[in-house]
1. Going through segment 117-150 one residue at a time, which ones are more than 17 Å from the chain's Cα centre (by Cα) and part of a loop (DSSP other than H, G, I, E, B)?
2. Can you name every residue in segment 87-122 that is charged (D, E, K, R) and under 12 Å from G14 (Cα atoms)?
3. Please find, among L52, L39, L62, the residue that is surrounded by 14 or more Cβ atoms within 10 Å (Cβ to Cβ) and not charged (D, E, K, R).
4. Out of curiosity, is G26 closer than 30 Å to W125 by Cα and touching a Lys or Arg at 6+ places or on another chain (Cβ under 7 Å)?
5. What number goes with the only condition from (1) under 24 Å from the mean Cα position of the chain (by Cα); (2) loosely packed, with under 12 Cβ neighbours inside 10 Å; (3) at pLDDT below 95 that G78 does not pass?
6. Does E134 count as in the same structural domain as L39 (by TED's automatic domain parsing) and either at pLDDT 95 or above or within 29 Å of Y30 (Cα to Cα) (or both)?
7. Provide a single number: the residues in segment 104-137 that are among the acidic types (D, E) and surrounded by 13 or more Cβ atoms within 10 Å (Cβ to Cβ).
8. Between a first residue in segment 74-86 that is without any contact (Cβ under 8 Å) to a residue 60 or more places away in the chain and a second residue that is among the basic types (K, R), which pairs have beta carbons less than 6 Å apart while being 6 or more apart in sequence or on different chains?
Amino acid sequence: MDKNSLKDKFGPCGLLCEKCFAFDGGLIKYHADQLKRNLGDFDVYAQRFVTLLEIPVFDKYLEFKEMLSFFSEGSCMGCRKQDCHLFKGCGVKQCYKDKKVDFCYQCSDFPCNNTGFDKNLKRRWLSINEKIREIGLESYYNEIKDKPRY
């Protein structure tokens, strides 16, 4: 795989953009859209299944449908093409441009406290960047590409 196209799959923080629920070209959006299409006008049936089949979980169908619609509307093109849609307080998005690095681990200040991430995401960020530095981007991608992000 071309090194630049592989790099573009990732945010500079090391998260794999194509696995994000907000990513326009990702599998979450694709499958949510497919499921929405395949369910069609299921609203009527969901209510009937509660009454006729006594399956109470279908009472929650409208909430499920709302979440499914949300997942099918992902419009993010990735952090290298636009600002992150999720982490408004992200400090990485400008820092990597200022420091002229592709990933945080390449910065002389890594690890730093400028990410703006909560402790869980910061721990993940640190682990991801250390792993990429250790085994390289292509090996890391091959290791995670078939695993869920969440």
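1. Answer for segment 117-150, where residues must be more than 17 Å from the chain's Cα centre (by Cα) and part of a loop (DSSP other than H, G, I, E, B): just G136.
2. Hits for segment 87-122 are K93, D102, K122.
3. The unique qualifying residue is L39.
4. yes
5. With (1) under 24 Å from the mean Cα position of the chain (by Cα); (2) loosely packed, with under 12 Cβ neighbours inside 10 Å; (3) at pLDDT below 95 applied to G78, the lone miss is (2).
6. no
7. Adding up the residues that qualify gives 1.
8. Note: pairs meeting the criteria are G74/K29; D83/K93.
The values are calculated or read from the model by the stated rules, or taken from the named source; none is laboratory data. Source: prediction; values computed, not measured. Ideal geometry is used to build each Cβ from the backbone, glycine not excepted, and the neighbour counts take in all protein chains shown.
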